[in-house]
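Undergrad: The structure that follows is given in the form of structure tokens.
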Amino acid sequence: MRCPYCGSTNTQVKDSRPSEDHSTIRRRRVCADCGGRFTTFERVQLRELTVVKRSGRRMPFDRDKLMRSVQIALRKRPVDPERVERMVSGIVRRLENMGENDIRSETIGRLVMEALKGLDDVAYVRFASVYKNFREAKDFEPLLGELAATETKEESPSGKAAAPAED
Ligand SMILES: [Zn+2]
């Protein structure tokens, strides 16, 4: 496995253990060249999924890509990586269980939104802003209203979330 820090392939497994529900094997690895430590997960793939974009374009489903977009939404949020891993695994399992090999990208976006809503409000709004292609602050209002109705915490997600880095 290539080191994510320096690109070396000279990495070693330090520790392997199954996740709580035994659906994945978690391996801690260390890079012999730069000393970087990272974790990989091994899991069962039940089905080859194809993502069908809004444009009709088709591409193989890529779990890592899904994970990356979730991680962008969760950037600097205090969420346990194991929970994120479980969330993404849950989404993939649901996609696999839909019984279709073709999955519309909107379906994936909807599942991610549902899952993030339970995990972290700020990440939810960030993801929704990209997924729903929000362009103006007023587009956030219905979403924030929806959150305010279910949320009793002091902190409001509006300030931080209203400035996506993309544009
Ligand atoms: Zn390295």
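The values are calculated or read from the model by the stated rules, or taken from the named source; none is laboratory data. What you see is a predicted model; the values in this text were computed from it and never measured. Cβ placement follows ideal geometry from the backbone for every residue including glycine, while neighbour counts extend to all protein chains displayed. SASA here: full protein model, heavy atoms, side chains in, ligands and nucleic acids out. Shrake-Rupley method; radii C 1.70, N 1.55, O 1.52, S 1.80 Å.
Undergrad: Looking at the range 50-68 only, could you name the residues that are under 21 Å from T24 (Cα atoms) and buried (at least 16 other Cβ atoms within 10 Å of the Cβ)?
TA: F61, R63, L66, M67
Undergrad: Are any of the residues in the range 22-41 closer than 30 Å to E106 by Cβ and charged (D, E, K, R)?
TA: no
Undergrad: Of the residues in the range 27-68, how many are assigned to a strand (DSSP E or B) and more than 16 Å from the ligand (Cβ to nearest atom)?
TA: Of the residues in that region, 9 qualify.
Undergrad: Would you list the helices (runs of 4 or more DSSP H) that sit entirely within the range 80-154 and hold 3 or more residues that are open to solvent by 80 Å² or more (accessible area, probe 1.4 Å) and modelled with pLDDT under 90? Can you show your working first?
TA: Working: elements: 81-97, 105-119, 121-131, 141-150.
Qualifying helices (runs of 4 or more DSSP H): 81-97, 141-150.
Undergrad: Only residues in the range 49-62 that are under 17 Å from R94 (Cα atoms) count as the first member; pair them with residues that are of a type in the set (D, E) and open to solvent by less than 100 Å² (accessible area, probe 1.4 Å), Cβ under 6 angstrom, at least 6 apart or cross-chain, and list the lot.
TA: If the second residue must be of a type in the set (D, E) and open to solvent by less than 100 Å² (accessible area, probe 1.4 Å), the pairs left are T50/D102; V52/D102.
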